[in-house]
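Engineer: Once you've had a glance at the structure underneath, I'll fire off some questions.
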Amino acid sequence: MDFKQELSSYFKENCLLNEPMGRHTTYLTGGPAEAYVYPATSEEWSFVLKLARTENVPLRIIGFGSNILVGGKGVGGIVCSTKHMNHVAVKSNRVTAQAGVALDKVCELASRAGLAGMEKLSGIPGSVGGAVYMNAGAFGQETFDCLEYVEVIDYDGRPATLLKEDLPHSYRHVEGIENYIVLGAGFSLEKKDFASLVETRNAVLHKRIEKQPLDFPSAGSVFKRPVGDYASRLIDEAGLRGLSIGGAKVSEKHAGFIINFNHATPEDIKNLMDEVKRQVKEKSGVELELEQILWGEFGR
């Protein structure tokens, strides 16, 4: 029995074979995953990890796919989705959430409970696992600001609890997290007036609608913020707002976003990323660094 048959018989309807990744990423494009599964318990994770190790097949983890571009040829091996891991709880000044919970849901529950520290992360379209993995942030707030601990499992199937201080972190980067799969996280927040928190949350959501091209598929900010500057400003200054390749375009509303405005292929998007990078480097001397994650191969 090959690994796909084993996954199918174990996960049944929670295993999809040759599954188009455009269904699971916010760019709405991408080739197929050889096997796509939804592990939810530690036993299921252990099974997948052991199988991947024994059969020597690649293993990738996805939350909401809001920061990932998958190449047109797709990806081999196993893609594990955390979407069925969706338990969240608020107790006293703490919020605990599994990896597959929407980060925005945590922000909403915290704000409504009068707990401060995550309200400015409202509207970020990713999962808790993804947010922890890359220290996602917005409007001067980061996931790690209120993070207390992370529940993880390593690739040998050993579970562990890592404290915030165990994970050196900086802007959009967490050191050593790539050695683990994030299963959940605990956040310690501060009691505050709930009305002012809900007001801040609503203002943040409104600002997102106003400034970001939310009416087209995208994966948020394409590039990291260069020190002391903004990628969107440099892209704008290079005259690249509205630049398109195939069905991909630099958003006219926010130059830091690439949108899929007309059935873009993954290659259209990747080629546009490269072109933006090249022209910004040529015009400003700044080397933009990709914030988004690329999976698979991209043909020219």
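Engineer: What number of residues in segment 86-145 are open to solvent by 50 Å² or more (accessible area, probe 1.4 Å), hydroxyl-bearing (Ser, Thr, Tyr) and closer than 25 Å to Gln292 by Cβ?
Structural biologist: 1
Engineer: In segment 36-43, is there at least one residue being buried (at least 22 other Cβ atoms within 10 Å of the Cβ) and over 19 Å from Ser9 (Cα atoms)?
Structural biologist: no
Engineer: Among the numbered conditions (1) open to solvent by 20 Å² or more (accessible area, probe 1.4 Å); (2) at pLDDT 95 or above, tell me where Arg225 comes up short.
Structural biologist: (2)
Engineer: Which one is nearest to Leu290 (Cα to Cα), of the residues in segment 228-268 that are assigned to a strand (DSSP E or B) and either out of contact with any Pro (no Cβ under 6 Å at 6 or more places or on another chain) or open to solvent by 20 Å² or more (accessible area, probe 1.4 Å) (or both)? Working first, answer last.
Structural biologist: Taking segment 228-268 as the starting set, the residues that turn out to be assigned to a strand (DSSP E or B) are 244-245, 248-250, 257-260.
Filter once more, keeping what is either out of contact with any Pro (no Cβ under 6 Å at 6 or more places or on another chain) or open to solvent by 20 Å² or more (accessible area, probe 1.4 Å) (or both): 244-245, 248-250, 258.
Working: Ser244: 18, Ile245: 18, Ala248: 17, Lys249: 16, Val250: 15, Ile258: 12 Å.
The selected residue is Ile258.
Engineer: While we're on this one: Which of the residues belonging to segment 201-222 are aliphatic (A, V, I, L, M) and either free of Cβ contacts under 8 Å to residues at least 40 places away in the same chain or open to solvent by less than 40 Å² (accessible area, probe 1.4 Å) (or both)? Reasoning before the result, please.
Structural biologist: The first filter runs over segment 201-222 and keeps only residues aliphatic (A, V, I, L, M), leaving 203-205, 209, 214, 219, 222.
Within segment 201-222, Ala203, Val204, Ile209, Leu214, Ala219, Val222 meet the criteria.
Engineer: Let me ask something else about it. Filter segment 269-290 down to the residues that are more than 17 Å from Asp236 (Cβ to Cβ) and either surrounded by fewer than 21 Cβ atoms within 10 Å (Cβ to Cβ) or among the basic types (Lys, Arg) (or both) and list them by number.
Structural biologist: Start the filter on segment 269-290 by keeping residues that are more than 17 Å from Asp236 (Cβ to Cβ), which leaves 269-271, 274, 287, 289-290.
Scanning segment 269-290 gives Lys270, Asn271, Asp274, Glu287, Glu289, Leu290.
Engineer: If you don't mind, there's one more thing I want to ask. Quick one: is Lys120 in contact (Cβ under 8 Å) with a residue 24 or more places away in the chain, assigned to a helix (DSSP H, G or I), over 30 Å from Ser8 (Cβ atoms) and not acidic (Asp, Glu)? Break it down stepwise before answering.
Structural biologist: Numbers: in contact (Cβ under 8 Å) with a residue 24 or more places away in the chain: yes; assigned to a helix (DSSP H, G or I): yes; over 30 Å from Ser8 (Cβ atoms): yes; not acidic (Asp, Glu): yes.
Taking the combined requirement at face value, the residue satisfies it.
Engineer: In segment 241-259, which residue that is touching a residue at least 12 places away in the same chain (Cβ under 8 Å) and in contact with an Asp or Glu (Cβ under 8 Å, 6 or more places away or on another chain) is nearest to Ile124 (Cα to Cα)?
Structural biologist: Across segment 241-259, the extreme among qualifying residues is Ala255.
Engineer: Within segment 23-45, track down each residue that is modelled with pLDDT of 95 or more, closer than 22 Å to Gly184 by Cα and small (Gly, Ala, Ser).
Structural biologist: Across segment 23-45, the qualifying residue is only Ala40.
Engineer: If you check every pair at least six apart or on different chains, which have Cβ atoms under 9 Å apart with a residue in segment 164-175 that is under 19 Å from Leu290 (Cβ atoms) and part of a loop (DSSP other than H, G, I, E, B) first and a residue that is open to solvent by 70 Å² or more (accessible area, probe 1.4 Å) and basic (Lys, Arg) second?
Structural biologist: Note: pairs meeting the criteria are Tyr171/Arg225; Arg172/Arg225.
Engineer: Another question about this same structure. For segment 270-277, check the following and say yes or no: at least one residue is at positive phi and either part of a loop (DSSP other than H, G, I, E, B) or touching a strand residue (DSSP E or B) at 6+ places or on another chain (Cβ under 6 Å) (or both). Before you say what the answer is, go through the steps one by one.
Structural biologist: Step one: filter segment 270-277 for residues at positive phi, giving none.
Within segment 270-277, not a single residue is at positive phi and either part of a loop (DSSP other than H, G, I, E, B) or touching a strand residue (DSSP E or B) at 6+ places or on another chain (Cβ under 6 Å) (or both).
The values are calculated or read from the model by the stated rules, or taken from the named source; none is laboratory data. Only a predicted model underlies this, so the values are computations on that prediction, with no experimental measurement involved. Please note: Cβ atoms are built from the backbone with ideal geometry, for glycine as well, and neighbour counts cover all protein chains shown. All accessible areas refer to the heavy atoms of the entire protein, side chains included, with ligands and DNA or RNA removed. Shrake-Rupley method; radii C 1.70, N 1.55, O 1.52, S 1.80 Å.
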